[in-house]
Amino acid sequence: GHWFKTNVLYNAIKDGTLFPTYTNLWYNGVDLFRYWPPASYYFLSFIMFFTNGDLLIAYPIFVGIMFFIGACGWLLYGNRENKIGLSIVLGILFFFLPDNMRVFFSEGNIPRIFITSLLPYLFFFVFEFVKHKKKYAIIPITLISCLILFTHVMIAAMIGISTFLVLLIYSFTNKE
């Protein structure tokens with residue numbers, strides 16, 4: 001279904017429609033992005049323009065880019081703690097977590113893949129803001145949160161609740 005939406009979006013953009021709202025090619029017709037915000041589909045469609053519309057070539061490129069982006073997020077932690085080697089290992093291992101492998105290669109859930117690569121950045125900047133008192137971190141937190149929201153509304157809500165719980169526990173344990 002995710003690949004179908006990406007393919008319909010790519011063909012619509014190619015035909016001049018920047019935001020297709022409806023397709024009759026699925027069931028008896030469906031609003032294409034009724035339950036799924038389109039940010040990740042636009043990104044994969046953008047990659048499809050470089051592969052001449054071949055989704056079977058664009059998807060592995062998308063996975064590679066998401067792997068690279070997610071792994072680089074761990075480098076922020078390594079740079080902060082002066083442990084680059086450990087952060088490289090963690091970035092690679094993050095990709096090979098069983099749930100990430102299932103989502104990337106079995107489920108093919110494009111929005112979840114996209115969000116998974118953004119999580120290291122989000123939590124890095126949240127802890128920059130809370131633990132290290134860096135006020136500038138609110139800007140990347142806001143931008144990343146908006147990008148996650150424009151990718152999947154329910155995952156954005158779950159991340160918001162999870163972040164609240166983590167920060168609540170953090171505030172109790174550190175008494176601040």
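The values are calculated or read from the model by the stated rules, or taken from the named source; none is laboratory data. From a predicted model like this one, the values you see are computed outputs, not experimental measurements. All Cβ positions, even for glycine, are placed from backbone atoms using ideal geometry, and neighbour counts span all protein chains on display. The accessibility values were calculated without ligands, DNA or RNA, using every heavy atom of the protein model including side chains. Shrake-Rupley method; radii C 1.70, N 1.55, O 1.52, S 1.80 Å.
What does the C-alpha gyration tensor say about the overall shape of the range 66-165? Classify as rounded when a/c is under 1.5, otherwise prolate if a/b is larger than b/c, or oblate. Before the final figure, lay out the partial values.
On the way: a/c = 2.18, a/b = 1.13, b/c = 1.93.
Oblate shape, in that a/c is at least 1.5 and b/c is the bigger or equal ratio.
When the accessible area of the chain is computed with all protein chains present and a 1.4 Å probe, what percentage of it is carbon and sulfur?
Details: 7290 of 10350 Å².
The computed percentage sits at 70.
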So which chymotrypsin sites (Phe, Trp or Tyr not before Pro) in the range 9-55 pass both tests, a DSSP loop state and at most 10 other Cβ atoms within 10 Å of the Cβ? Tyr27, Tyr35
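Given a 1.4 angstrom probe, what's the average accessible area per residue across the range 36-120, in square angstrom?
Values: 4260 Å² over 85 residues.
Heavy-atom SASA per residue in the range 36-120 reads 50 Å².
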Can you run phi through the Karplus equation (6.51, -1.76, 1.60; θ = phi - 60°) for the range 161-176 and list ³J(HN,Hα) in whole Hz, with x for Gly and Pro? 5, 4, 5, 4, 5, 4, 5, 5, 5, 4, 5, 5, 6, 9, 6, 9
Cα centre as origin, Lys/Arg/Asp/Glu Cβ charges: the chain dipole, Debye: 520 debye
May I ask you to list the chymotrypsin sites (Phe, Trp or Tyr not before Pro) in the range 59-119 that are in a DSSP loop and have at most 12 other Cβ atoms within 10 Å of their Cβ? Phe96
Using 7 Å Cα-to-Cβ label points, what is the Ser171/Glu107 separation (nm, one decimal)? 3.0 nm
Eligible lysines near Lys134 by straight Cα distance, threshold 22 Å, same-chain separation 8 or greater: Lys83, Lys175
In degrees from 0 to 90, rounded to the nearest 10, what is the angle of the helix 55-81 Cα long axis to the longest principal axis of the chain? 10 degrees
Placing +1 on each Lys and Arg Cβ and -1 on each Asp and Glu Cβ in the range 1-156, then taking the dipole about the Cα centre, the residue among Phe49, Pro60, Phe129 whose Cα reaches farthest towards the positive end is Phe129
Can you compute the FRET efficiency between Met154 and Leu76 using 1/(1 + (r/R0)^6), with r the Cβ-Cβ distance and R0 = 25 Å? Round to the nearest 0.05. 0.40
If you keep only loop residues by DSSP, which GluC sites (Glu not before Pro) in the range 80-141 have at most 10 other Cβ atoms within 10 Å of their Cβ? none
Enumerate the whole-percent occupancy of each 10 Å bin, from 0 to the last occupied one, for all C-alpha pair distances of the chain. 9, 32, 34, 17, 7, 1
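At 0.36 nm per residue, minus the direct Cα-Cα distance, what do Trp26 and Asn11 gain on full extension? Give it in nm, one decimal, please. Don't skip to the end; give the middle numbers.
Values: separation 15, 0.36 × 15 = 5.40 nm, distance 1.50 nm.
This chain segment gains 3.9 nm when fully extended.
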